[in-house]
Amino acid sequence: MEYSGTWKEIWTQKGAMEGTKEDIRIYDGWEKSTADMEETAAKIIKLLDIKSTDRVLEVGCGAGGLAQYMKCQYVGIDFSETLVKRCMEFFQKSAVLSEANDIPFKDQYFDKCFSWGCFLYFPDWEYTTQVIREIKRVTKQGIFIGELPKESHDSKHQLYREEQFQDLEFKTEKGWSEPYCDIRFNAIMLNK
Ligand SMILES: C[S@@+](CC[C@H](N)C(=O)[O-])C[C@H]1O[C@@H](n2cnc3c(N)ncnc32)[C@H](O)[C@@H]1O
């Protein structure tokens with residue numbers, strides 16, 4: 001299927017596709033990745049030490065590809081109304097329609113926050129810094145931002161440099177998933 005328009009329109013069209021939770025990799029844009037969703041979720045859980053009692057926010061939750069493996073007090077936000085509905089319908093996870101730069105939760109509501117494969121769709125660095133400010137405001141402890149692209153096949157993706165995140169006191173590491181390990185990185189802040 002061909003998608004067009006703004007990223008918000010594209011992700012809304014994706015969520016409207018006919019399908020079931022078996023199609024989760026398509027809904028969540030994992031078609032080109034060889035990574036395993038469950039393994040990726042397990043790595044995030046380990047890295048942030050997510051416990052069943054933790055309140056955890058995912059920014060850009062999509063249809064719930066990672067949410068399905070979160071055994072905690074999970075809430076996802078996403079700006080695609082259709083994907084938010086899928087996340088609730090497929091995996092019975094809490095999901096809220098929201099732009100990433102205006103998170104509708106009070107200060108320090110969450111213990112931990114993660115985002116995977118979402119920051120590349122932000123329009124510019126100013127928007128990204130607003131998102132980081134919001135994530136820091138609503139999160140008490142660890143933050144993990146995965147799949148930040150340094151290069152991309154798609155000129156519409158926002159690209160990042162590791163120094164931009166290091167300047168904001170994140171540690172950075174090489175990307176986890178082939179074929180993107182060398183051209184994507186992750187940003188981590190374990191004790192904010
Ligand atoms: C590649 S999908 C990843 C979904 C999920 N995190 C996963 O890994 O399975 C990216 C998601 O980010 C969402 N997204 C992109 N830009 C956003 C924004 N500005 N605010 C909220 N959600 C956004 C999209 O709607 C889409 O669901």
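Confirm whether Leu97 is closer than 21 Å to Arg184 by Cβ and surrounded by fewer than 21 Cβ atoms within 10 Å (Cβ to Cβ).
Working: closer than 21 Å to Arg184 by Cβ: no; surrounded by fewer than 21 Cβ atoms within 10 Å (Cβ to Cβ): yes.
Answer is no for this residue.
Restricting to the stretch 155-164, count the residues that are touching a residue at least 12 places away in the same chain (Cβ under 8 Å) and either farther than 26 Å from Asp102 by Cβ or more than 16 Å from the chain's Cα centre (by Cα) (or both).
So the answer is 3.
Could you tell me how many of the residues in the stretch 174-192 are under 17 Å from Lys112 (Cβ atoms) and of a type outside the set (S, T, N, Q)? Working first, answer last.
Let us first name the residues in the stretch 174-192 that are under 17 Å from Lys112 (Cβ atoms), namely 186-192.
Among the residues that remain, those that are also of a type outside the set (S, T, N, Q) are: 187-190, 192.
Going through the stretch 174-192 one residue at a time, the tally reaches 5.
Would you point out the residue of the stretch 1-54, among those that are closer than 24 Å to Ser177 by Cα, within 10 Å of the ligand (Cβ to nearest atom) and among the basic types (Lys, Arg), that is surrounded by the most Cβ atoms within 10 Å (Cβ to Cβ)?
Among them, the one singled out is Lys14.
Might you let me know whether the stretch 168-177 holds any residue that is among the small types (Gly, Ala, Ser) and at pLDDT 95 or above? If you could, list the steps in order and put the result at the bottom.
Going through the stretch 168-177, the residues among the small types (Gly, Ala, Ser) turn out to be 175, 177.
Pick out the ones that are also at pLDDT 95 or above and you get 175.
The answer is yes, given that some residue of the stretch 168-177 is among the small types (Gly, Ala, Ser) and at pLDDT 95 or above.
Quick test for you: out of Thr53, Thr12, pick the one residue that is outside any loop (DSSP other than H, G, I, E, B) and among the hydroxyl-bearing types (Ser, Thr, Tyr). Write out each step before concluding.
Working: Thr53 fails: outside any loop (DSSP other than H, G, I, E, B).
Exactly one of Thr53, Thr12 is outside any loop (DSSP other than H, G, I, E, B) and among the hydroxyl-bearing types (Ser, Thr, Tyr), namely Thr12.
Looking at the stretch 15-42 only, could you name the residues that are outside any loop (DSSP other than H, G, I, E, B) and in contact with a Gly (Cβ under 9 Å, 6 or more places away or on another chain)? Show your work before the answer.
We begin by selecting, within the stretch 15-42, every residue outside any loop (DSSP other than H, G, I, E, B); these are 15-16, 21-27, 37-42.
Hits for the stretch 15-42 are Gly15, Lys21, Ile24, Arg25, Ile26, Tyr27, Met37, Thr40, Ala41.
Could you list all residues from the stretch 25-39 that are in contact (Cβ under 8 Å) with a residue 60 or more places away in the chain and either within 18 Å of Glu81 (Cβ to Cβ) or touching a helix residue (DSSP H, G or I) at 6+ places or on another chain (Cβ under 6 Å) (or both)?
Correct list: Asp28, Gly29.
Within the set of pairs 6 or more residues apart or between chains, which connect a residue that is in contact (Cβ under 8 Å) with a residue 12 or more places away in the chain and buried (at least 20 other Cβ atoms within 10 Å of the Cβ) inside the stretch 129-144 to a residue that is assigned to a helix (DSSP H, G or I) and not hydrophobic (A, V, I, L, M, F, W, C) with Cβ atoms less than 9 Å apart?
From residues that are in contact (Cβ under 8 Å) with a residue 12 or more places away in the chain and buried (at least 20 other Cβ atoms within 10 Å of the Cβ), the pairs are Ile143/Lys136.
Being in contact with a helix residue (DSSP H, G or I) (Cβ under 9 Å, 6 or more places away or on another chain) and hydroxyl-bearing (Ser, Thr, Tyr) is the filter; apply it to the stretch 99-128 and report the residue that is farthest from Val56 (Cα to Cα).
Applying the filter and picking the extreme gives Tyr121.
Looking only at the stretch 54-90, count how many residues are more than 23 Å from Trp7 (Cα to Cα) and out of contact with any strand residue (DSSP E or B) (no Cβ under 7 Å at 6 or more places or on another chain).
Restricting attention to the stretch 54-90, the residues satisfying the condition of being more than 23 Å from Trp7 (Cα to Cα) are 54-56, 68-74.
Narrowing further to those that are out of contact with any strand residue (DSSP E or B) (no Cβ under 7 Å at 6 or more places or on another chain): 68-69, 71.
Of the residues in the stretch 54-90, 3 are more than 23 Å from Trp7 (Cα to Cα) and out of contact with any strand residue (DSSP E or B) (no Cβ under 7 Å at 6 or more places or on another chain).
Please name all residue pairs, on different chains or six or more residues apart, with Cβ atoms under 6 Å, provided the first residue is in the stretch 94-109 and is within 19 Å of Tyr127 (Cα to Cα) and the second residue is among the aliphatic types (A, V, I, L, M) and buried (at least 16 other Cβ atoms within 10 Å of the Cβ).
Leu97/Val84; Ser98/Ile77; Ala100/Val59; Ala100/Val131; Asn101/Val131; Ile103/Val138; Phe105/Val138
The values are calculated or read from the model by the stated rules, or taken from the named source; none is laboratory data. Computed from a prediction, not measured in an experiment: that's the story for all the values here. Here the Cβ is made from the backbone with ideal geometry for all residues, glycine too, and neighbour counts use every protein chain on show.
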